[in-house]
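Data first, discussion second: the structure below is written as structure tokens.
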Amino acid sequence: MRSRVKVCGITHHEDALAALAAGADALGFIFSPSPRQISPDDARSIIARLPPFSYVVGVFVNETSERVQSVIRYCGLSAIQLQGDESNAYCQLFEVPVIKGFRVANTLALERINEYQVSAYLLDTWDEGLDGGSGQSFDWRLLQNITFSRPVIVAGGLHAGNVRHLIRHYSPSAIDVSSGVSQSERRKDPVRLRVFLDAVADARQNRAAAAFDVNEGDILKASFDRQPLVAIQGRQFLLNSLTEQVPATSAELLREAARRVCEAARFPMGTKLVGEEDKGGGLLAAVSLLSGMPYGIARWYPSGLEGQVRVDFDCEYTDGSLFLNGVEPGDKVYIVDDLISTGGTLLGLIEAVRLAGAEVSGIVCVAEKINYGGSERVLKATGIPVTSLVEVDVSGEFSVVVGVNY
């Protein structure tokens, strides 16, 4: 079944057209209190200028049925989405299709949800004080081996980096995105819209085959397995396409590595990515593009700009200084790197982030050379665990992949 896409929180005509042009199946207009709330007059003006047969959904929270009915007629809504404490009886009062929203925490109240006789259920992340739009994803594993009595729409924390995983593994009837395609609280980003809808289209095409979910055809794993090693100062260096660009890195491999990073980290909205410029810079930029998260980069030379943070570091082949830009006090930071060996570079990055007044909320590396204890060193020194996607043994004549964590 084809997973459809609703882009919610539309406040401008240009954004509505951009969403439809990118491939969205429906547009959401929020009529109850929200940073993205829109007046019926403004919504009517936008909807009246949309292409024929555009599907528009009005979002309401604990409104009187009289007001909802009035807005349906005035704006010409195709359907409504009810995100409050509305009863099943209340949902039956309307002639247009009704989507009932439910907030998901650590468990799924399946029996209660299935009592609602509506057109579809929308599952969003529970966040105290919010009726929806938290920008965070719930644990999608709760959807496994569950039978709903109506089609299911998944919302919360979706972006181009994780939507493929959701569609390929859980196959919702539809997905609802807002923050993940936004440039501000009230405006959508045309580039993020295109990248997100392209990711959805890609997942639709590849879901049945799921080619990369088995070892055969796993280009990320293959890029680290049986690769040549070079000894430098008593350490074994791995020559491969992703970390050393030997041979040149293909766009397909870079995209797959970035996608796997996004799926493993599931970055909360508001996260800032950090990496260093050497061999991980290309990966960091690709992850930023897929996830929609901004990134700051640690360079090997100073810019002299105000706010730059300097730290000294040592890694397996050199030592020196890192100069971190783009991180501000209070930021929630996720460190992204291509390869961890002894962990020296990561320790420098963590120190730089903390000196900038920010917090490291996680670390993800595409690959780890397990022989040099880098993850253990980082954990012992900082208390922060490292997520490594591919574990590589470099003790022999060639590299050998001994573990894959995805």
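Points to keep in mind about this one:
- 1.4 Å probe accessible area per residue over the stretch 4-212, in Å²: 44
- R0 of 56 Å, Cβ-Cβ distance residue 303-residue 42: FRET efficiency to nearest 0.05: 0.80
- Charge dipole of the stretch 4-212 (Cα centre as origin; +1 on each Lys and Arg Cβ, -1 on each Asp and Glu Cβ, all else neutral): 640 debye, rounded to the nearest 20.
- In the context of the full protein assembly, residue 184 retains an accessible surface of approximately 60 Å², using a probe radius of 1.4 Å and ignoring ligands and nucleic acids.
- Its alpha carbons give the chain an Rg and a Dmax of 23.5, 77 Å.
- Share of carbon and sulfur in the accessible heavy-atom surface of the stretch 4-212 [1.4 Å probe, %]: 48
- Amide H to amide H distances under 5 Å link residue 276 with 298, where only residues 5 or more positions off or on other chains count and H is placed in the peptide plane.
- Relative contact order, whole percent, for the stretch 4-212 stands at 19, derived from Cα pairs under 8 Å and 6 or more residues apart.
- Largest-first ordering by accessible area, 1.4 Å probe, given options 15, 139: 139, 15
- Carbon plus sulfur fraction of accessible area for the stretch 316-406, probe 1.4 Å, in percent: 49
- Largest accessible area first, the listed residues 126, 300, 140 line up as 126, 300, 140 when surface is computed with a 1.4 Å probe on the assembled protein chains.
- Placed amide H near residue 339: partners under 5 Å, 5+ positions off or other chain: 366, 367
- DSSP-assigned coil residues among chymotrypsin sites (Phe, Trp or Tyr not before Pro) in the stretch 11-65, each with at most 14 further Cβ atoms within 10 Å: 53
- Binned Cα-Cα distance frequencies in the stretch 1-95 - 5 Å width, integer %: 3, 13, 27, 24, 18, 11, 5, 0
- In the chain, a dipole from Cβ-located charges (positive for Lys and Arg, negative for Asp and Glu) runs towards its positive end, and of 79, 358, 402 it is 79 whose Cα lies farthest in that direction.
- Per residue, the solvent-accessible area of the stretch 224-404 (1.4 Å probe, heavy atoms of protein chains only, all protein chains present) comes to 42 Å².
- Per-residue SASA entry for residue 46, accessible area with 1.4 Å probe, Å² rounded to 10: 10
- Counting only protein chain heavy atoms and rolling a 1.4 Å probe, the accessible areas of 159, 169, 12 rank, largest first, as 169, 12, 159.
- Note on residue 176: accessible area is roughly 20 Å² with a 1.4 Å probe, heavy atoms of protein only.
- Length-normalised contact order for the chain - Cα pairs under 8 Å, 6+ apart - percent: 11
- Remark on residue 183: its backbone amide H falls under 5 Å from those of 188, 189, a criterion applied only to residues 5 or more positions apart or on other chains, H modelled at 1.01 Å from N.
- Percentage relative contact order, the stretch 1-89, counting C-alpha pairs under 8 Å, at least six apart: 25
- Between the residues 31, 184, 245, the greatest Cα displacement towards the positive end of the dipole of the chain, with unit charges on the Cβ of Lys, Arg, Asp and Glu, is found for 31.
The values are calculated or read from the model by the stated rules, or taken from the named source; none is laboratory data. Because the structure is a prediction, the values reported are computed rather than measured. Cβ: placed from backbone, ideal geometry, glycine included. Neighbour counts: every protein chain shown. When the accessible area is computed, the model is the full protein with side chains, heavy atoms only, and any ligands, DNA or RNA have been set aside. Shrake-Rupley method; radii C 1.70, N 1.55, O 1.52, S 1.80 Å.
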